[in-house]
1. Output the residues belonging to the stretch 226-250 that are within 16 Å of ligand 2 (Cβ to nearest atom), outside any strand (DSSP E or B) and in contact with a strand residue (DSSP E or B) (Cβ under 7 Å, 6 or more places away or on another chain).
2. Tell me, yes or no, whether the stretch 199-212 has at least one residue that is touching a strand residue (DSSP E or B) at 6+ places or on another chain (Cβ under 7 Å) and at positive phi.
3. Only one of these is exposed (fewer than 14 other Cβ atoms within 10 Å of the Cβ), part of a helix (DSSP H, G or I) and of a type in the set (A, V, I, L, M): A270, A189, A278. Name it.
4. Quick one: count up the residues across the stretch 187-218 that are within 16 Å of ligand 2 (Cβ to nearest atom) and over 14 Å from G235 (Cα atoms).
5. Taking H234 as meeting all but one of (1) over 26 Å from the mean Cα position of the chain (by Cα); (2) within 15 Å of ligand 1 (Cβ to nearest atom); (3) not aromatic (F, W, Y), write down the number of the exception.
6. Output the residues belonging to the stretch 38-79 that are assigned to a loop (DSSP other than H, G, I, E, B), under 22 Å from P146 (Cα atoms) and of a type in the set (S, T, Y).
7. Identify all residues within the stretch 48-62 that are surrounded by fewer than 18 Cβ atoms within 10 Å (Cβ to Cβ) and either within 11 Å of ligand 1 (Cβ to nearest atom) or over 19 Å from the mean Cα position of the chain (by Cα) (or both); write none if there are none.
8. Tell me the residue from P78, P35 that is within 19 Å of G316 (Cβ to Cβ) and at pLDDT below 95, please.
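The values are calculated or read from the model by the stated rules, or taken from the named source; none is laboratory data. Computed from a predicted model, the values in this text were never measured in an experiment. Every residue, glycine among them, receives a Cβ derived from its backbone with ideal geometry; neighbour counts consider all protein chains shown.
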Amino acid sequence: MGANAPGAQTVEGLSTDTLCTDTLSGDAPCGGPRPHSEAAPQPRLAPYPGSWAVYVHFPFCLHRCNYCDFATVAHRDPPRERVLAACLAELALRCEGLEPAPIRSVFFGGGTPSLWGAPAISAILGWLDRWAGLAADCEITLEANPGAAEEGDLRGYVAAGVTRISLGVQALSDQRLRQLDRIHDAEAAWVALRTLGQLRREGGLRAASADLIYGLPGQTAAELRADVTALLDHGLTHLSAYALTIESGTPLQRLVARGLAPATDDAHQAAMLEQMPALVASHGLQRYEVSNFAVPGSECRHNLAYWQGHHYLAVGVGAHGFLPCALPGAFGIRTANTRSVAAWFEALEAGRLAEAPPEVATAESHLDEWLLTGLRLRDGIDLAAVAARFGDTVASALAQAAAAVPGLQVVSAVITVEAAAIVRLDDVIASLAVSVSRRWQAARALQRRASGGIGLR
Ligand SMILES: C[S@@+](CC[C@H](N)C(=O)[O-])C[C@H]1O[C@@H](n2cnc3c(N)ncnc32)[C@H](O)[C@@H]1O
Ligand code: SF4
């Protein structure tokens, strides 16, 4: 489906032969992993770039933090077995029709998947291994919360196959943790961090990461520096630092709206983020994504798959996936599960998926998304990968468009954002997207004229 295929027409270098904008109904002929039909067997759909990344969502937490808008429900004793059965049922439905290519990463996210228990993690991994095979070096991440993962639990997860634990530390001062409405204190984070250190020394756990939230009202740059330094002194090889976001519909947003909690400040948050690269460099970590830092070689393979436009399978409440699709001109379908735990259980227990109609990723929408995520990466967007996916014509048009956008550089066939432009990254990406979008519109207009007024859908 190369954009430079014979007969394709181009304007300013962008082909129109890959454009379509369908939204699929559940049984449209996309060839995706729809429930079984009586039609002739279709070839199985292989993922780009030849391997799978799999996301599994556990939708419960002991307490719902007031800033959080993830798909999760507070529960003292979550129905672990029921979630497992529904996830396995969803995997069976979604994998029908998909090529069982090797699995290079599995990510157990949430919610608080460290509440699920090692038998559930083991059962999911066993299912995936039987279906397609876990690659020998498969990265298997589990998100764990301090206070919701004792030493024995963490050991059990590693014994079940988890190779990487991402600990939701958020802050290392009790004052900031209370401000964040977390249920654990700093000591609970330290207990978990010591266990992770021990598991790494014993060789079972390959990687340990921590999440921090910064830019809380009143928090100083020195406080963030102290937390980062303490974590890195402890030997972590990966760190994610997220600016506190006041998400709409959350209790925190309502408090801010009523003047009962202070709002965050963009300039304050930008200044805090700006100090991170130099700070982590002293411990050998590099920024490889705007909010993510790692010792070279310890980058999160699973998240890189999202950011580099790969296909991935996602199951669980609220989970979003990107699957291959047989529709001509389509680059995949985007799946989005319901955020309702009850509706998700009900559908899967009746043998159905609980999802919105999947959306087709056209060349235009797929490239747009790739720009959004790929330009957040230190390694930027490799034009050879763009050419392999969309054709040489699109890759060279993109290179030309990028070269004209201040803040972007094109060196050795790779587009990256200049370091000084990272603070205005959203504007830089928007400028490139507008330039690329104009080219698509011109390409569409040309095709409409060429086809006697019958426009592309
Ligand atoms: C899916 S959450 C779950 C991880 C785990 N349950 C926990 O809270 O420790 C992943 C990360 O997103 C970040 N996060 C969630 N909501 C956020 C918000 N509103 N603003 C900034 N970061 C947020 C936190 O750092 C959190 O660790
Ligand atoms: S931030 Fe983590 S622990 Fe808190 S409600 Fe969200 S998913 Fe649960």
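1. Going through the stretch 226-250, the residues within 16 Å of ligand 2 (Cβ to nearest atom) turn out to be 240-250.
Next, only the ones that are outside any strand (DSSP E or B) stay: 244-250.
L244, the sole residue that qualifies.
2. We begin by selecting, within the stretch 199-212, every residue touching a strand residue (DSSP E or B) at 6+ places or on another chain (Cβ under 7 Å); these are 200, 205-212.
Of the ones still in play, those that are also at positive phi are none.
Checked the stretch 199-212: no residue is touching a strand residue (DSSP E or B) at 6+ places or on another chain (Cβ under 7 Å) and at positive phi.
3. Numbers: A270 fails: exposed (fewer than 14 other Cβ atoms within 10 Å of the Cβ); A189 fails: exposed (fewer than 14 other Cβ atoms within 10 Å of the Cβ).
Result of the check over A270, A189, A278: A278.
4. Taking the stretch 187-218 and keeping what is within 16 Å of ligand 2 (Cβ to nearest atom), we get 188-189, 192, 209-216.
In the following step, the residues that additionally are over 14 Å from G235 (Cα atoms) were identified as 188-189, 211-216.
Residues flagged as within 16 Å of ligand 2 (Cβ to nearest atom) and over 14 Å from G235 (Cα atoms) within the stretch 187-218 amount to 8.
5. Answer for H234: the failing condition is (2).
6. If we filter the stretch 38-79 for residues that are assigned to a loop (DSSP other than H, G, I, E, B), which is where we start, we get 38-44, 46-51, 59, 62-72, 75-79.
Next cut, under 22 Å from P146 (Cα atoms) only: 59, 62-72, 75-79.
Those that are assigned to a loop (DSSP other than H, G, I, E, B), under 22 Å from P146 (Cα atoms) and of a type in the set (S, T, Y): Y67, T72.
7. L62
8. Values: P78 fails: at pLDDT below 95.
From the options P78, P35, the qualifying one is P35.
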